[in-house]
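Trainee: Quick one: this structure, given as structure tokens, is what I'll be asking you about.
The values are calculated or read from the model by the stated rules, or taken from the named source; none is laboratory data. Just so you know, these numbers come straight off a predicted model, no measurement behind them. FYI the Cβ positions are ideal-geometry reconstructions off the backbone, even for glycines, and counts take in every protein chain you see. For the accessible areas, the whole protein counts, side chains as well, though only heavy atoms, and no ligand, DNA or RNA atoms are used. Shrake-Rupley method; radii C 1.70, N 1.55, O 1.52, S 1.80 Å.
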Amino acid sequence: MSETAKIILHPELEIGTIDPRIYGSFVEHLGRCVYGGIYEPGHPTADSEGFRRDVLELIRAIDVPIVRYPGGNFVSGFNWEDSVGPRENRPRRLELAWRTIETNQFGMNEFMRWCKKAKTAPMFAINLGTRGIDAARNILEYCNHPGGTYWSDLRKSHGVQEPHNIKTWCLGNEMDGPWQLGHKTAHEYGRIALETAKVMRQVDKDLELVACGSSNSRMPTFPEWEATVLEHAYDEIDYISMHNYYGNKEDRTENYLAQSLDMDNFIRTVISTCDYVKARKRSKKTINLSFDEWNVWFHSGEADKKIAPWSIAPPQLEDVYTFEDALVVGCLLITLLKHADRIKMACLAQLVNVIAPIMTETGGKCWKQTIYYPYYHASRFGRGRAFDLHIKSPVYHDDQFDAVPYVEGIATVSDDKQTITIFAVNRNLKEAINIEGDCRDYADYRVLEHITLTSDDLKAQNTAENPDRVVPESNGNADLSDGKLSATLPKASWNVIRLGRV
Ligand code: AHR
């Protein structure tokens, strides 16, 4: 006999408006994300600019609102000037973060043109590792100033007449990490972030600026780093970044599926830290969060050790995801939505080939990894407002977390209130769980579709040879009548229950 979880869908349980940019992603000059991923002149599907149309199609299907670029660790050694102008003049450089050779054949203007085709917006990171304020003001003048100055006219001479008007900028990347080129202490970074932000706003006052938070919640300097950086830069920045990756190295699936609780705790701590500094400063301004790197990352470690240094676009960080990874990504998406009131941007890292939902063969096909599906569903259906479901679920015990609810879930209501989507994961690996939902305030809605993602093998993967081993089906049994919702969440499953007003 299956256990039951109870949920309540109630208008008073609104969390907040979902910023669509919570479904952002990330393109770094790393491995085959750019070369052989989004850009491959000569590929059978490449357009006149060398952008792979097969990849663009999968990206547009997700509807990715914002893409962070060009790094990541890469940005901390990046000379942006190398990446613009005639291709034949662009230098090949040693890329120190990932120990490759960067050819610069794809650069800033190509990225901006690609964004248009991908129907997305840029989130551009500047180099605060090996460079600083001067490079920041120059790149901004190149990108956003209409013309009549050295850098804006240089842009025009590169064939880009209209300014790019890039609004969202990251002030460096993971500056707390000793691995970062130009790593800084919190005080050093807080100061440079403040001064860079001030100068950038003098060039263009309509910017949104993201300061670096901790590289992950296990950093010894977390959360003191956030407190110190905010102490310096609070008045000039809009967001603090968060990064975290999860994995199942020890093959403890129940613990792995519970990692979204760790993400939840991380988010709560960063919110508290922001608000602590707000109180200290007697400020009226609220700092929001940009969770601009998150995903599962652990499969590719051994393969990466075998890659020869100083190669061009080698297959780095090419995690081949399993079914259980898709469940974790589903739980992480639900967790982001639970904090829709404070998380305004988030980037699934990354978009193609490098720890990515989309894989390609250089010169060959492209396909959807298992994690593509929860990301696709959340982005397509999880727009509008987020609602807590007040879930009463049976729990299991795990040494890292006291009590882990078997059922993780969230509801989203579209702006026109015509559709509601419930996203739910059943973490129980052996048993289905029944849902009993009190939806009395939504008695005039009916189930449109109950999509499930299931597999009899937690380690099942989608590969070039077998790209459809793990695919969602519209086969769930959810029913809504007289304001009562019932549904069976199959064992170990991702569920999307779509309701519509009749
Ligand atoms: O996304 C891969 C890498 O992870 C990024 O370059 C870096 O910012 C993080 O450590």
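Trainee: Could you list all residues from the range 302-314 that are assigned to a loop (DSSP other than H, G, I, E, B) and more than 16 Å from the ligand (Cβ to nearest atom)? Reasoning before the result, please.
Mentor: Here is the first cut: in the range 302-314, the residues assigned to a loop (DSSP other than H, G, I, E, B) are 306-310, 312-314.
Answer for the range 302-314, where residues must be assigned to a loop (DSSP other than H, G, I, E, B) and more than 16 Å from the ligand (Cβ to nearest atom): LYS306, ALA308, PRO309, TRP310, ILE312.
Trainee: For the range 169-186, state whether one or more residues are surrounded by fewer than 21 Cβ atoms within 10 Å (Cβ to Cβ), touching a Lys or Arg at 6+ places or on another chain (Cβ under 7 Å) and at positive phi.
Mentor: no
Trainee: Right, something else. If ILE240 satisfies every condition in (1) touching a residue at least 24 places away in the same chain (Cβ under 8 Å); (2) surrounded by fewer than 19 Cβ atoms within 10 Å (Cβ to Cβ); (3) not in a helix (DSSP H, G or I) but one, which is the exception?
Mentor: Failed condition: (2).
Trainee: So ALA279 passes all but one of these: (1) open to solvent by 30 Å² or more (accessible area, probe 1.4 Å); (2) part of a loop (DSSP other than H, G, I, E, B); (3) away from the ligand (no atom under 16 Å from the Cβ). Which condition number does it fail?
Mentor: Just one mismatch for ALA279, condition (2).
Trainee: Only one of these conditions is not met by GLU174: (1) touching a Cys at 6+ places or on another chain (Cβ under 9 Å); (2) under 21 Å from ALA97 (Cβ atoms); (3) assigned to a helix (DSSP H, G or I). Which number is it?
Mentor: Going through the list (1) touching a Cys at 6+ places or on another chain (Cβ under 9 Å); (2) under 21 Å from ALA97 (Cβ atoms); (3) assigned to a helix (DSSP H, G or I), GLU174 breaks only (3).
Trainee: Against the definition (part of a loop (DSSP other than H, G, I, E, B) and either buried (at least 18 other Cβ atoms within 10 Å of the Cβ) or at pLDDT below 95 (or both)), how does LEU58 come out, yes or no? Quick ask: steps written out before the conclusion?
Mentor: Details: part of a loop (DSSP other than H, G, I, E, B): no; either buried (at least 18 other Cβ atoms within 10 Å of the Cβ) or at pLDDT below 95 (or both): yes.
Judged against the criteria, LEU58 is not a match.
Trainee: With LYS484, LYS459 as the choices, which residue is within 21 Å of ASN255 (Cβ to Cβ) and surrounded by fewer than 21 Cβ atoms within 10 Å (Cβ to Cβ)?
Mentor: On the way: LYS484 fails: within 21 Å of ASN255 (Cβ to Cβ).
Of LYS484, LYS459, the one residue that is within 21 Å of ASN255 (Cβ to Cβ) and surrounded by fewer than 21 Cβ atoms within 10 Å (Cβ to Cβ) is LYS459.
Trainee: Inspect the range 348-364 for any residue being assigned to a helix (DSSP H, G or I) and either in contact with a strand residue (DSSP E or B) (Cβ under 6 Å, 6 or more places away or on another chain) or among the aromatic types (Phe, Trp, Tyr) (or both) and give the result as yes or no.
Mentor: First pass over the range 348-364, keeping only residues assigned to a helix (DSSP H, G or I): none.
Within the range 348-364 (the criterion being assigned to a helix (DSSP H, G or I) and either in contact with a strand residue (DSSP E or B) (Cβ under 6 Å, 6 or more places away or on another chain) or among the aromatic types (Phe, Trp, Tyr) (or both)), the answer is no, since none of the residues qualifies.
Trainee: Right, something else. Residue by residue through the range 315-358, note down the ones that are more than 15 Å from the ligand (Cβ to nearest atom) and either open to solvent by 10 Å² or more (accessible area, probe 1.4 Å) or of a type in the set (Lys, Arg) (or both).
Mentor: Passing the criteria: VAL320, LYS338, HIS339, ASP341, ARG342, LYS344.
Trainee: Oh, and also: Is one or more of the residues making up the range 297-314 open to solvent by less than 20 Å² (accessible area, probe 1.4 Å), touching a Pro at 6+ places or on another chain (Cβ under 9 Å) and on the phi < 0 side of the Ramachandran plot?
Mentor: Pass one, the range 297-314, residues open to solvent by less than 20 Å² (accessible area, probe 1.4 Å): 300, 314.
Those left that are additionally touching a Pro at 6+ places or on another chain (Cβ under 9 Å): 300.
Restricting the remaining residues to those that are on the phi < 0 side of the Ramachandran plot gives 300.
Yes, there is a match, as at least one residue in the range 297-314 is open to solvent by less than 20 Å² (accessible area, probe 1.4 Å), touching a Pro at 6+ places or on another chain (Cβ under 9 Å) and on the phi < 0 side of the Ramachandran plot.
Trainee: Then there's this: Among the strands (runs of 3 or more DSSP E) confined wholly to the range 395-502, which include 3 or more residues that are touching a residue at least 40 places away in the same chain (Cβ under 8 Å)?
Mentor: On the way: elements: 395-397, 403-405, 407-413, 419-426, 433-438, 445-453, 479-481, 484-489, 493-501.
By residue number, 407-413, 419-426, 433-438, 445-453, 484-489, 493-501.
Trainee: So SER2 ticks every box in (1) within 30 Å of HIS377 (Cα to Cα); (2) at pLDDT 95 or above but one. Which box is left unticked?
Mentor: Looking at each condition in turn, SER2 falls short on (2).
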